[in-house]
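Chemist: Sending over a structure as structure tokens; questions will come in a sec.
Values quoted throughout were computed directly from the atomic coordinates according to the rules given, and no laboratory measurement underlies them. What you see is a predicted model, and the numbers here were worked out from it, not measured in a lab. We place every Cβ from the backbone using ideal geometry, glycine too, and count neighbours over all the protein chains shown.
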Amino acid sequence: MQDDERPPVLAHRRFQARAAEFEGLPLAARFAEIHASNLWGADTSRSGLGSEAGATDILRRELGELFAALNVRSLLDAPCGDARWIAEADLGPVQYTGVDIVAAQIEENIAQRGARGEFLVADITRDPLPVAEAILCRDCLVHLSFANIDLAVANFRRSGAKWLIATTFPDFGKNLDCADGDWRALNLERAPFGWPPPVRLLNERCEEAGGGWTDKSLGLWALAELNSATLTPPRVRRRAVRSA
């Protein structure tokens with residue numbers, strides 16, 4: 001399927017309908033409003049359709065096996081969103097820490113899921129991050145501008161983590177920029193990232209938007225092999241808005 005043949009996802013359509021309201025807002029304020037208004041439109045998770053039970057079934061079953069194979073004993077979920085699905089996953093003896101830029105979300109997580117791990121408020125693009133062997137950055141970079149992706153990856157490397165697990169669409173052709181809080185697919189092996197093939201690729205069997213995004217996967221990379229200082233084009237193109 002060609003890039004322009006893929007159906008628009010709900011998060012993109014709903015953000016575009018209110019895009020003017022987000023102009024000029026700093027990152028924390030943007031995501032606080034997205035959380036407060038359930039802008040991405042999922043019925044059971046303010047973190048979006050990708051955090052609902054059906055969308056995370058594969059991950060809840062298989063992430064623990066991946067961590068065991070890597071001998072990972074500590075995980076930073078950055079950002080963690082409502083952490084509902086991962087709280088139901090069997091991660092084995094993995095020490096879990098979740099961070100999110102939305103303070104209200106972290107308060108909810110502490111109240112509802114605090115017994116399962118530690119939750120902290122943090123901006124992954126600039127705040128010091130807790131030490132962990134692996135960082136899970138699922139369904140996040142797709143919502144960030146190129147500039148903030150660059151900052152986040154550099155910050156992940158500074159944290160000292162060995163592994164990064166991030167969302168990628170390996171069949172997607174061309175990466176375009178977007179406003180923070182919007183959504184577009186990213187193939188992290190293509191420009192402007194140019195990351196090497198992932199060490200492991202876990203397909204999520206995504207059924208969103210009529211099955212137009214079935215290549216949605218979690219890729220595993222060694223952070224030491226990722227160059228975060230690659231996003232330096234003089235101009236970036238915004239993702240074209242498509243009607244439903």
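Chemist: Need one number: % antiparallel among DSSP beta bridges in segment 126-223, to the nearest 5.
Modeler: The antiparallel proportion sits near 70 percent.
Chemist: Quick one: net charge of Y96's neighbours, Cβ under 9 Å, K/R +1, D/E -1?
Modeler: -1
Chemist: Based on the Cβ-Cβ distance from E21 to E118, what FRET efficiency comes out when R0 is 51 Å, to the nearest 0.05?
Modeler: E between E21 and E118, to the nearest 0.05, is 0.95.
Chemist: Can you compute the equivalent ellipsoid semi-axes for segment 1-98, i.e. the square root of 5 times each eigenvalue of the Cα gyration tensor, sorted largest first and rounded to whole Å?
Modeler: Sorted largest first and rounded, they come to 29, 18, 12 Å.
Chemist: Here's another thing I want to ask about it. Hey, what number do you get for the chain at 222 nm if only DSSP H runs of n ≥ 4 count, each worth -39500 (n - 2.57), divided across all residues, to the nearest 500?
Modeler: -7500 deg cm²/dmol
Chemist: Hey, another quick one. Which trypsin sites (Lys or Arg not before Pro) in segment 86-167 sit in a loop by DSSP (not H, G, I, E or B) and have at most 16 other Cβ atoms within 10 Å of their own Cβ?
Modeler: Filter output for segment 86-167: R126, K162.
Chemist: Okay, next question. If I compute percent of Cα pairs over 21 Å apart from the structure I just sent, which labelled value in (1) 66; (2) 55; (3) 61 lines up?
Modeler: Computed from the coordinates, percent of Cα pairs over 21 Å apart corresponds to (2).
Chemist: A further question on this structure: Please get the size of the charge dipole for segment 3-225, origin at its Cα centre, with Cβ charges of +1 on Lys and Arg and -1 on Asp and Glu, quoted in debye to the nearest 20.
Modeler: 360
Chemist: Roughly what % of DSSP beta bridges within segment 3-225 run antiparallel, to the nearest 5?
Modeler: Counting DSSP beta bridges with both partners in segment 3-225, the antiparallel share is about 40 percent.
Chemist: Take every Cα pair under 8 Å in segment 3-225 that's 6+ residues apart, average their separations, divide by the length, and report that relative contact order as a whole percent.
Modeler: That works out to 18 percent.
Chemist: Provide the net charge surrounding S159, with neighbours chosen by a C-beta distance below 11 Å and charges set as Lys +1, Arg +1, Asp -1, Glu -1.
Modeler: +1
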